[in-house]
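Structure first, then comments.
Just so it is clear, none of the values below were taken in a lab; they were calculated from the coordinates. Since the model is a prediction, treat every value here as computed from it, not as a measurement. Here Cβ is always computed from backbone atoms with ideal geometry, including for glycine, and neighbour counts include all displayed protein chains.
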Amino acid sequence: MFNLILFGPPGSGKGTQSEKLVAKYHLKHISTGDLLRSEISGKTSLGLEAKKYMDKGFLVPDEVVIGMINDALDSNPDVAGFLFDGFPRTAIQAEELDDLLAQKDTCIDVMLALDVSEEELIKRLVKRGQTSGRSDDSNEMVIKSRIGEYHKKTAAVADHYKKKKKVEMVKGEGTIEEIFARLTHEIDRLMKTDNCI
Ligand code: AP5
Ligand code: MG
């Protein structure tokens, strides 16, 4: 298997690049944000609970998200690998993910971390908010609160994988095609080696 985490702050292009990467490498895309939004549209109790946090730009509690990941891994036993987008987002989620993958005799091969300036993140999200209908894009206060959560809780996830020498920083500004080329360059190189020893 080849398992990768596409990491970065809100608006860094994780969703945009994930779509292109899963098409090229036939990986299973797991976006916890998309899974949560689909629970919200289905008006499930999990979705209604999660919405309270998401509308304010706060992270949803770890146990909710870890439960969803567990289900997603179990229901996709025969894939070439997973692309995690927006997960893990706390140190606890990272430890849980490593344990779940170890139980399946696999691991995270690499974390590709998109580096984008805060000014550019806000510009992208405010622009999307004009048309997306995503409640958490609708005002700059909530966008800033999402970026605040990233600094407070999520940046630690990069430290977790840095200790394992699994982090590659990738410049996340430029055209979508330029960024895609940077990402595929790293993946093509790493796919040739066994990263789970
Ligand atoms: P989630 O859905 O993961 O959102 P996010 O990380 O806040 O950010 P986005 O999805 O908005 O950004 P992205 O990096 O995917 O960028 P995109 O490609 O869309 O999470 C939402 C919420 O769910 C969280 O706040 C939290 O409450 C909850 N949640 C989710 N996972 C959780 C977890 N694990 N634990 C706890 N809570 C969790 O691009 C952004 C915009 O920029 C788009 O309009 C795009 O068209 C544009 N764009 C992309 N690339 C470029 C480029 N190169 N140049 C110019 N514009 C570009
Ligand atoms: Mg996204």
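Taking the alpha carbon gyration tensor of the stretch 7-73, multiplying each eigenvalue by 5 and rooting it gives semi-axes of 22, 15, 11 Å, largest first.
Please state the equivalent ellipsoid semi-axes for the chain: what are the square roots of 5 times the Cα gyration tensor eigenvalues, largest first, in whole Å?
Numbers: eigenvalues 126, 86, 47 Å².
For the chain, the ellipsoid semi-axes come out as 25, 21, 15 Å.
Considering only alpha-carbon pairs that sit under 8 angstrom and 6 or more positions apart, the relative contact order computed for the chain is 32 percent.
Starting from the Cα gyration tensor of the stretch 116-188, take the square roots of the eigenvalues, sort them a ≥ b ≥ c, and report rounded, prolate or oblate (rounded when a/c is under 1.5, otherwise prolate if a/b is larger than b/c, else oblate). Can you show the working numbers first?
Values: a/c = 2.86, a/b = 1.38, b/c = 2.08.
Since a/c reaches 1.5 but b/c is at least a/b, the shape of the stretch 116-188 is classed as oblate.
Kindly identify the stretch 24-131 as rounded, prolate or oblate by the Cα gyration tensor criterion: order the square roots of the eigenvalues as a ≥ b ≥ c, call it rounded if a/c is under 1.5, otherwise compare a/b with b/c, prolate if a/b is larger, else oblate.
Oblate shape, in that a/c is at least 1.5 and b/c is the bigger or equal ratio.
A simple charge model with +1 on the Cβ of Lys and Arg, -1 on the Cβ of Asp and Glu and nothing else charged puts the dipole of the stretch 37-88 at about 360 debye relative to its Cα centre. Which of the lysines could a cross-linker span from Lys52 if the Cα-Cα distance has to be under 24 Å and same-chain partners fewer than 8 positions apart are dropped? Of all the lysines, those that pass the test against Lys52 - Cα under 24 Å, at least 8 places apart if same chain - are Lys14, Lys43, Lys127, Lys144, Lys152, Lys153.
Every helix of 4 or more DSSP H residues in the chain counts as -39500 (n - 2.57), and over all residues that averages to -16500 deg cm²/dmol at 222 nm.
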